[in-house]
Amino acid sequence: MTVNISLFTAHHEYDPQLDIFKKYFCPIHVGSSISKFSLDIRKDNTYGKLSKFNSRYCELTALDEIIEGPFNGYIGLMHYRRIFISPKPIIKLRQDLKFKLNIFKKNIFNKKRNLERQINIKIKHKNKLEHECIKLNKYLKKNACNFDIITPEPIFYNGSTIRQKYARHHQVEHFDLFLRNLTDIYPEFLEYVKIYENSGYYFICNMFIMKNEFFSKYWNTLKTVLQKTEKQIDFLQLDTYQTRVLGFLAERFMSIFVLYAEKEMGARISCLPVASITMENSK
């Protein structure tokens, strides 16, 4: 059976890997309505309505473009410097064992420090990037029938709640506001918000690959809650980095949605590692 998989990569300016991505994915220019650059790729304002708010929504403006245009099969979103790659079981095993060992040492010596597990993979050369793009497409075509949602390998925390971790880097009242709005509008998510708040993991980067019906549910829910939250935030009081708050909140929603989709929609969940592209001249 032929499976239609559309993998989009979000770009806000030219980068060295764009030419490679054109060969294997569907690059999309986010924030095109306010951009000084023309990238000669699909823009996020052809169908989408959020392009001019890219400073708040970040790569999410690509999702509004995608859902408003024709789509079917599987939809995926990656970034100009972060992409999914095929499974790396040895690297994952090594990181998991290191994380567990550090927790063991922490408990033995009664250390009060926070621990974090990430799977860090870097791509530094174009030939390696192209090789990984080819492997990813082959892997997905072979295995798409076995999943409904793919997320990044989660970040695991030990010694911090999700809320505490958010508070260290952002304004925690925005986090609380978003969750209140989510459960007010969609009370069916309340159970999964409670599970998430007591968990120690989340999925980074607003990256995913989803079957179209799950993507529709995900984005329509998220967009509705973000737009309500947006009206309640005073963006004039935020610096350039914190203005990206809607993108930060969306990252936290992914964990909640995955719990919901698995239990309520019967979604089959899988994870893939994410590689950071650090080639020379990459920004």
message: I'd like the Karplus ³J(HN,Hα) series for segment 210-227: coefficients 6.51, -1.76, 1.60, θ = phi - 60°, whole numbers in Hz, and an x wherever there's a Gly or Pro.
response: 9, 5, 4, 5, 6, 4, 4, 5, 4, 6, 5, 5, 4, 4, 4, 6, 5, 5
query: If you work out Rg and Dmax of the Cα atoms in Å from the coordinates, which of (i) 18.8, 57; (ii) 21.8, 67; (iii) 23.3, 74 do you get?
result: (i)
query: Taking the Cβ of Ser51 as the center, what net charge do the other residues with Cβ under 10 Å away carry, scoring Lys and Arg +1 and Asp and Glu -1?
result: 0
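Summing Lys, Arg as +1 and Asp, Glu as -1, what charge do residues with Cβ under 12 Å from the Cβ of Arg94 carry, Arg94 excluded? Display every interim value, and only then the final one.
Values: positive: Lys88, Lys92, Lys98, Lys100, Arg117; negative: Asp96.
Spelling it out: positives minus negatives among the neighbours equals +4.
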statement: From the Cα centre of segment 60-75 to that of segment 137-189, the distance in Å is 20
statement: Once Lys98 and Arg180 are pulled to full extension, the length gained, defined as 0.36 nm per residue separation minus their Cα-Cα distance, is 25.9 nm
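Can you tell me the relative contact order of the chain? Whole percent, Cα pairs under 8 Å, sequence separation 6 or more.
Details: 440 pairs, mean separation 75.7, N = 283.
Worked out over the chain, it gives 27 percent.
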task: Scan around Phe156 for amide H atoms under 5 Å from its own, H built in the peptide plane at 1.01 Å from N, and keep only partners 5 or more places away or cross-chain.
output: Arg117
- request: Rounded to whole Hz and in sequence order, give me ³J(HN,Hα) for segment 146-151 from the Karplus expression 6.51 cos²θ - 1.76 cosθ + 1.60, θ = phi - 60°, writing x for Gly and Pro.
  value: 9, 9, 10, 9, 10, 10
statement: Protection proxy (average C-beta count within 10 Å per residue), highest first, orders 20-26, 236-242, 74-80, 223-229 as 74-80, 223-229, 20-26, 236-242
statement: For Arg42, other-chain or 5+-apart residues with amide H closer than 5 Å (H placed, Pro excluded) are His29
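For segment 129-283, just say rounded, prolate or oblate: build the C-alpha gyration tensor, square-root its eigenvalues into a ≥ b ≥ c, call rounded for a/c under 1.5, and beyond that prolate if a/b exceeds b/c, oblate if not. Could the numbers behind the result be given before it?
Values: a/c = 1.79, a/b = 1.27, b/c = 1.41.
Cα axes put segment 129-283 in the oblate bin.
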In sequence order, calculated HN-Hα J values of segment 262-274 (Karplus, 6.51, -1.76, 1.60; Hz; x Gly/Pro): 5, 7, 8, 10, x, 5, 8, 9, 9, 10, 10, x, 10
query: Which FRET efficiency value, to the nearest 0.05, do you get for Lys263 and Lys126 by plugging their Cβ-Cβ distance into 1/(1 + (r/R0)^6) with R0 = 51 Å?
result: 0.75
query: What order do you get for 251-261, 124-134, 206-216 when each peptide is scored by the mean count of other beta carbon atoms within 10 Å, highest first?
result: 251-261, 206-216, 124-134
- prompt: Could you give the accessible area per residue of the chain, probe 1.4 Å, as a whole number in Å²?
  reply: 49
query: Around Arg268, which amide H atoms from residues at least 5 apart in sequence, or from another chain, sit under 5 Å from its own amide H, with H modelled in the peptide plane?
result: Asp148, Ile149
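Once you have a ≥ b ≥ c as the square roots of the Cα gyration tensor eigenvalues for segment 79-206, tell me rounded if a/c is under 1.5, and otherwise prolate or oblate according to whether a/b is larger than b/c. Don't skip to the end; give the middle numbers.
Numbers: a/c = 2.04, a/b = 1.26, b/c = 1.62.
Note, shape of segment 79-206 comes out oblate.
Which chymotrypsin sites (Phe, Trp or Tyr not before Pro) from segment 102-142 combine a DSSP loop assignment with at most 15 other Cβ atoms within 10 Å? Could the numbers behind the result be given before it?
Working: sites: Phe104, Phe109, Tyr139; in loops: Phe109.
Counting only loop positions with at most 15 other Cβ atoms within 10 Å, the chymotrypsin sites (Phe, Trp or Tyr not before Pro) in segment 102-142 are Phe109.
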- prompt: Where a Cα-Cα gap under 19 Å defines reach, which aspartates and glutamates qualify for Lys98, not counting those fewer than 8 residues away within the same chain?
  reply: Glu116, Glu153
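Residues with beta-carbon under 13 Å from that of Glu264, excluding Glu264: net charge, scoring Lys, Arg +1 and Asp, Glu -1?
-3
The values are calculated or read from the model by the stated rules, or taken from the named source; none is laboratory data. Here the structure is a predicted model, which means the values were calculated and not measured. As a convention, Cβ positions derive from the backbone with ideal geometry for all residues, glycine included, and neighbour counts pool all protein chains shown. Protein only, heavy atoms only, side chains kept; ligands, DNA and RNA dropped before computing areas. Shrake-Rupley method; radii C 1.70, N 1.55, O 1.52, S 1.80 Å.
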